[in-house]
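**Student:** Sending over a structure as structure tokens; questions will come in a sec.
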Amino acid sequence: MLAFGVGIILIILSFFLFILGVMHFIPVAAGSLALFFSILFTVHCLNERNKFKGIS
């Protein structure tokens with residue numbers, strides 16, 4: 001659950017960077033890459049939990 005919270009914070013920060021990129025304060029590519037990887041990290045953390053490991 002901690003990784004999910006970190007992922008949400010990363011999404012918010014990278015969205016802010018993306019908005020700064022749209023306003024031409026930083027390159028748009030940097031903001032969009034940060035947003036993509038933060039969303040990817042959050043989805044990965046959500047997908048990894050509660051996996052069925054088999055019956056043994």
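The values are calculated or read from the model by the stated rules, or taken from the named source; none is laboratory data. From a predicted model like this one, the values you see are computed outputs, not experimental measurements. For neighbour counting, all protein chains shown are included, and Cβ atoms are generated from backbone atoms with ideal geometry for every residue, glycine included.
**Student:** Could you tell me which residue of region 13-43 is modelled with the lowest pLDDT, considering only residues that are under 23 Å from Met1 (Cα atoms) and exposed (fewer than 12 other Cβ atoms within 10 Å of the Cβ)?
**Tutor:** So the residue we want is Val43.
**Student:** Return yes or no: is Ile8 exposed (fewer than 14 other Cβ atoms within 10 Å of the Cβ) and of a type in the set (A, V, I, L, M)?
**Tutor:** Spelling it out, Ile8 is indeed exposed (fewer than 14 other Cβ atoms within 10 Å of the Cβ) and of a type in the set (A, V, I, L, M).
**Student:** Here's something else I'd like to know. Across region 6-35, what is the total count of residues that are touching a helix residue (DSSP H, G or I) at 6+ places or on another chain (Cβ under 8 Å) and of a type in the set (Phe, Trp, Tyr)?
**Tutor:** 2
**Student:** So is Gly31 in contact with a Pro (Cβ under 7 Å, 6 or more places away or on another chain) and in a helix (DSSP H, G or I) or not?
**Tutor:** Criteria not met by Gly31.
**Student:** Within region 34-56, which residues are β-branched (Val, Ile, Thr) and part of a helix (DSSP H, G or I)?
**Tutor:** Ile39, Thr42, Val43
**Student:** Evaluate the following for Ala3: is it touching a helix residue (DSSP H, G or I) at 6+ places or on another chain (Cβ under 6 Å), among the aliphatic types (A, V, I, L, M) and part of a helix (DSSP H, G or I)?
**Tutor:** Answer is yes for this residue.
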